[in-house]
1. Residue pairs, Cβ under 8 Å, 6 or more apart or interchain, first in segment 136-159 and more than 17 Å from residue 93 (Cβ to Cβ), second of a type in the set (Ser, Thr, Tyr) and not in a loop (DSSP other than H, G, I, E, B). List them.
2. Across segment 263-297, what is the total count of residues that are at pLDDT below 85, of a type in the set (S, T, N, Q) and out of contact with any helix residue (DSSP H, G or I) (no Cβ under 7 Å at 6 or more places or on another chain)?
3. Can you confirm whether residue 331 is open to solvent by less than 70 Å² (accessible area, probe 1.4 Å) and under 17 Å from residue 157 (Cα atoms)?
4. Only one residue in 104, 65 is polar (S, T, N, Q) and modelled with pLDDT of 90 or more. Which one?
5. Could you list all residues from segment 226-247 that are under 23 Å from residue 207 (Cβ atoms), open to solvent by less than 40 Å² (accessible area, probe 1.4 Å) and either in contact with a helix residue (DSSP H, G or I) (Cβ under 7 Å, 6 or more places away or on another chain) or of a type in the set (A, V, I, L, M, F, W, C) (or both)?
6. May I ask you to list the residues in segment 376-424 that are acidic (Asp, Glu), in a helix (DSSP H, G or I) and at pLDDT below 90?
7. Looking at 283, 323, which one is closer than 18 Å to residue 372 by Cβ and open to solvent by 70 Å² or more (accessible area, probe 1.4 Å)?
8. Considering (1) open to solvent by less than 50 Å² (accessible area, probe 1.4 Å); (2) farther than 26 Å from residue 180 by Cβ; (3) modelled with pLDDT under 85, say which one residue 300 fails and leave the rest.
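The values are calculated or read from the model by the stated rules, or taken from the named source; none is laboratory data. Not measured: the values here are computed from a predicted model. Methodologically, a virtual Cβ is constructed for each residue, glycine included, from the backbone with ideal geometry; neighbour enumeration extends over all protein chains shown. Ligands, DNA and RNA are excluded from the accessible area calculation, which covers all protein heavy atoms including side chains. Shrake-Rupley method; radii C 1.70, N 1.55, O 1.52, S 1.80 Å.
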Amino acid sequence: MYDVYNNGRPLGGQLNVTLDRDIISDTNRLGPSRFAGKPKYEHRRTLSDLTLRVGTVSQRFPRLNNSIELVVTHLESDKDRHMDHAVRFGHRLIKALQATLGYNVHYIHYDRWTFNDSTGGILGALVNKDIDLSSTGLMTKIKRMEHLASVLSYMTFELMFIFKTPESTQLTDNAFIRPFSTSVWLMILLTIVLGSIAFKLNFTAETILQQNFKPTENPPFFNLIVEFLGNYCQQGSQYMPDSLSGRAMQLFMLLCTLMVYNYYTSEIVSDLIGSHKESDIKTLVHLADSHIDLGIENVTYEKAFFYQSHLPDVDYLTKKKVTEKTFINSSVGLQRVRRGNFAYNCERNVAYNLIRAMFDSTEVCDLNELESMPSQFVDHVVRKDSHFRELFKVKYTRMLEVGIKQKFADYWVAKKPECFSGSIISSVTITGALPIFVLLGFGLVLSFVALGAEIMAQFVTKDMAKKILKKTFGHVSDNRVVKRKFL
């Protein structure tokens, strides 16, 4: 009895005839099978007589006429891990499969993964039986899997925007404004005004009641407003009431301002040395409506996603902010992210590898991630009617069991950079300190306006006095001193 099988006639496989059983002449019965109890694919453990066609694709070599030797050398190198990481990861798994089964390889280079999820590129070549395997995995979308079957899922693919927490352009959302809500700030302003009025009434009452005993101080109303501002800033008190009621009011006012001052300063300190504030930008619509500039990795799948996905949020962002100048190199894009007010879209592993190389630990904590495309599984696939479908799946399962796939994943799948927030002290930028200088500028402008008003009032008052003196006494000298007759 003979076991007859073929390793793949279209690929050069030879017909294999192997002696399986002998006929025992004495009993005229079949002897034991040499393959009894062995796995289904035991007799196909080597495919040394086959040459499988394997498709390749590369961002570094995007043209069809690129030398296949250069492409393969790039796929087998370990330099620039962020470049073609999914392809190079998958290529190593293909090499491991080749080492296990012993087949030969003929590489065919393509310029893209696919045109429209069903034709063109590596996907179209698999569907049309132009190749048997792909060195890179493919995202397992429903439309793509109509004629294909997965033999190994080895990583995930995710597009996301990376950006630093932007400084708010609103004065109300600022490190020096945030400790109190708007209602608390209004309450502080109200206490300053009402407290100044109360103190003015107290000093006026003391002046009237004690005018026959001793002179008392009755400061102007605006001086009392400045006094209350000084109380809130813990600068002490210049004016001291004589009455018991006035001193009681001043005591409780000082206690109130002390607690407000301590709460305010502690909140600012905790904000600056605590964990970084996350951005309020949580969706693509928020990003489109923000003042942040955009950059997108200049690769074919990014352009296909933003121009052809037709998702509502993506279309809104694309129409509002995406132009041809938006597509830039990944290292340039993340360098602009480091400077701030810039969001860059790329694949997660590309971002993590470059962030580890370009950002320090303090900058990493200030980064935000915004998913633009949900995670997709990347799988090695073959045609559903492939003769090697089950065989490849068995061999890949064995790789999972012994840790070959995990070994490659530890190197090619980048981990998220760590944030050591415990040792970080945030510095206040010029944007964060803007309200201070706006307040100072407002005060200077108000002071000059008040000075001009006082000068005008002085001239008007003197002119009116001069007219009154002329009308009453007949003449006033040029130096505005009334004649001796008037004195």
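1. 158/375; 159/372
2. 4
3. Here the answer is no, as residue 331 does not meet what is asked.
4. After applying the criteria, what remains is 104.
5. 228, 231, 239, 241, 243, 246
6. Listed by number, the list holds a single entry, 390.
7. Going through 283, 323 in turn, just one is closer than 18 Å to residue 372 by Cβ and open to solvent by 70 Å² or more (accessible area, probe 1.4 Å): 323.
8. Here residue 300 meets the rest and fails (1).
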